[in-house]
Amino acid sequence: MSRAFLLIMDSVGIGGALDADKFGDQGSNTLGHIARECAAGRADIGRKGVLKLPNLCQLGLGSAAKLATGALPAGLTKNPNACFAAANEVSNGKDTPTGHWELTGVPVPFDWHYFPDTQPCFPEDKIKEFIRRAELPGILGDKHASGLKIIAEFGEEHMQTGKPICYTSGDSVFQIAAHEQSFGLARLLEICRIAAEIFHPMMVGRVIARPFIGTDKTGFQRTPNRHDYAISPPDDTLCDRVVAAGGQVLAVGKIADIFSNRGISQVFKGKDDMALVDHTVALMDKARNGDLVFANYVEFDSLYGHPRDVAGYARALEKFDARLPEILAGLRQDDLLVISADHGNDPTWHGSEHTRERVPVLLTGPNIAPANLGQIAFADVGETIASHLGLAKGKHGENIID
C-alpha cells in the first residue's frame, strides 16, 4: 500500500473557466493577474519584481496555467518534471465546500442559498428567531462585506453593545464575528450552533464563527479560532472511502470543518499557513500506508484574496513555494502528492468575492512519470487518489495517471 497527500492552495485559480460568464467572472485569473502585477512592479510591498515560484513551476504550475488560458503567466516557467492539468468544475458554486467536495468525488447536486446583496440582506423572520433563541440584544451588519472591513466598522460598537456582527458574501454563508475576550469564544460558538440550526435547512452551506481581538485604537485582528459549521456532504467523499478502507484522513487546517467532520481521523490546526505547512512536513514522516494527508492553506484566500491585496497574495505564494522542498523531501517510494485549489479569488477583480476559474492540478511522486494531462474534471482528482490508494471505483471521476 501507499500514501497520498492532497494540498489545497485555497483560491489559487488559474483563469479560463468555461462558464465564468454565468458568474460574472469572465476574464478573472487569480494567478495570471498576480503575476502580471508583479512583473509590472505594482506588487513590491514586502517583496520585489516578478513572481518567483520555481518549485511550483517545476511541478507544473506555469504549464497548468497556460492550459487554462493559453498564456503563460509573467515570470513563470514551463517544462516541469511532474504531471500537470487544469481542472474544470461542474457544480453550481464557487465556494470552499463545493470545490473541496467535488475534488473528493462528490459534485454538489443542488443549488445553495445565497443572500441578496441588499441591506439588510438576511430574512427578517430568521434574524428574529436567531436573536430570540440566542438571547441577543440584536445584531450588527446584516449585509455583504469583507470580514476584515466589517470588523473594523463595527468592532467597537459590538464590544459596547454585545451585539454580534453578522454578514455574508457571494458564498452561501452566514458569518458571525465577535470579540474573543469581551464576548467570549464559547459564547460565539454557542450562537453559531444556533444559527446553523436556523440557516442550514435553507441550504445555507456554512455558518462561520469569526473571533477577533483588539480595540478600535490598537486595531482588530482575527484569531486562529475560526470554526465552520457546514452542511454535511450529500454522499461519501474520498475521505469517507479512505476511512472505510481502514486508512486515516489526517486533516490539516479547516478540512474537518469543510467536511462537517465526516471521514476525518485526526485534526491539525495552526495559527497561520506556515504553521500548517509545519504540520504537513511532520505528517510526511508520521502518515502510514493507506493514509490521506489532506491540507487546506486558507490565507491566500482569507488574508489576500478577499481584501484584494495583490502584494500580500504574491508574498504568500512565494513563502509557500519556498517550503515545498521540505514537503517533497518527505515523499516515499510509492507516495502520491497532489497540489490543487478549490476556486479562484482574483485580487485584481472587482468586489471582494471568489471568482469562477479553473484550478491547477499538480501531481508528483517517485514512481510517477511527468506528463501533460490536459483538461480534467475536479472529480478526477479524488478518483486518481482513490485508485492510488487501492480503493474501489467511485461514482464520479476517472484515474488520470494510469
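Computed from the coordinates by the stated procedures, all read-outs in this text should not be read as laboratory data. Everything quoted here is computed from the prediction, not taken from an experiment. When we count neighbours, we look across all protein chains shown, and the Cβ atoms used for this are built from the backbone with ideal geometry, even at glycine.
Here are the numbers:
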quantity	calculated
Relative packing of peptides 379-386, 53-60, 318-325, 305-312 - highest average C-beta neighbours within 10 Å first	379-386, 53-60, 305-312, 318-325
At 0.692 mPa s and 37 °C, Stokes diffusion of the chain via Kirkwood alpha-carbon radius, µm² per second	154
Fewest-first sequence of Asp273, Asp44 by Cβ atoms within 10 Å of each Cβ	Asp44, Asp273
The stretch 135-202 - percent relative contact order, Cα under 8 Å, separation 6 or more	27
Distant-in-sequence amide H partners of Leu331 (H built 1.01 Å from N, under 5 Å)	none
Bridge type composition, the chain - antiparallel percent by DSSP, nearest 5	35
Where only alpha carbons of the stretch 31-128 are counted, the Rg and the Dmax (Å)	19.1, 58
Restraint check, Lys143/Lys271; Lys163/Lys271; Lys126/Lys163, Cα-Cα greater than 20 Å	Lys143/Lys271; Lys163/Lys271
The stretch 179-207 versus the stretch 48-124: alpha-carbon centroid distance in Å	28
For the chain, size of Cβ-based charge dipole, Lys and Arg +1, Asp and Glu -1, in debye	660
Relative contact order (percent, whole number), the chain, Cα cutoff 8 Å, 6+ residue spacing	29
5 angstrom amide H check on Lys143, placed H, neighbours 5+ away	Cys121, Thr168
Sequence ranges 135-144, 165-174, 119-128, 188-197, ranked by mean other-Cβ count within 10 angstrom, highest first	165-174, 188-197, 135-144, 119-128
Cα-Cα over 25 Å, subset of Lys66/Lys269; Lys269/Lys319; Lys128/Lys269; Lys48/Lys254	Lys66/Lys269; Lys128/Lys269; Lys48/Lys254
Karplus 3J(HN,Hα) series, Hz, for the stretch 217-233 with 6.51 cos²θ - 1.76 cosθ + 1.60 (x for Gly, Pro)	6, 8, x, 9, 9, 5, 9, x, 8, 3, 9, 9, 9, 10, 4, 6, x
Under Karplus coefficients 6.51, -1.76 and 1.60, residue-wise ³J(HN,Hα) of the stretch 332-339 in Hz, glycine/proline x	9, 3, 9, 7, 10, 10, 10, 10
Placed amide H near Glu357: partners under 5 Å, 5+ positions off or other chain	Gly344
Hydrodynamic radius (Kirkwood) for the stretch 124-230, which is based on Cα pairs only, to one decimal in Å	13.5
Kyte-Doolittle at least -1.0, axis length at least 24 Å by Cα - qualifying DSSP helices, the chain	310-329
Dipole magnitude (debye, nearest 20) for the stretch 78-136, charges at Cβ of Lys, Arg, Asp, Glu	180
Bins of 5 Å, starting at 0 and running to the largest distance - Cα pair percent for the stretch 81-150	3, 12, 15, 14, 15, 14, 12, 7, 3, 2, 2, 1
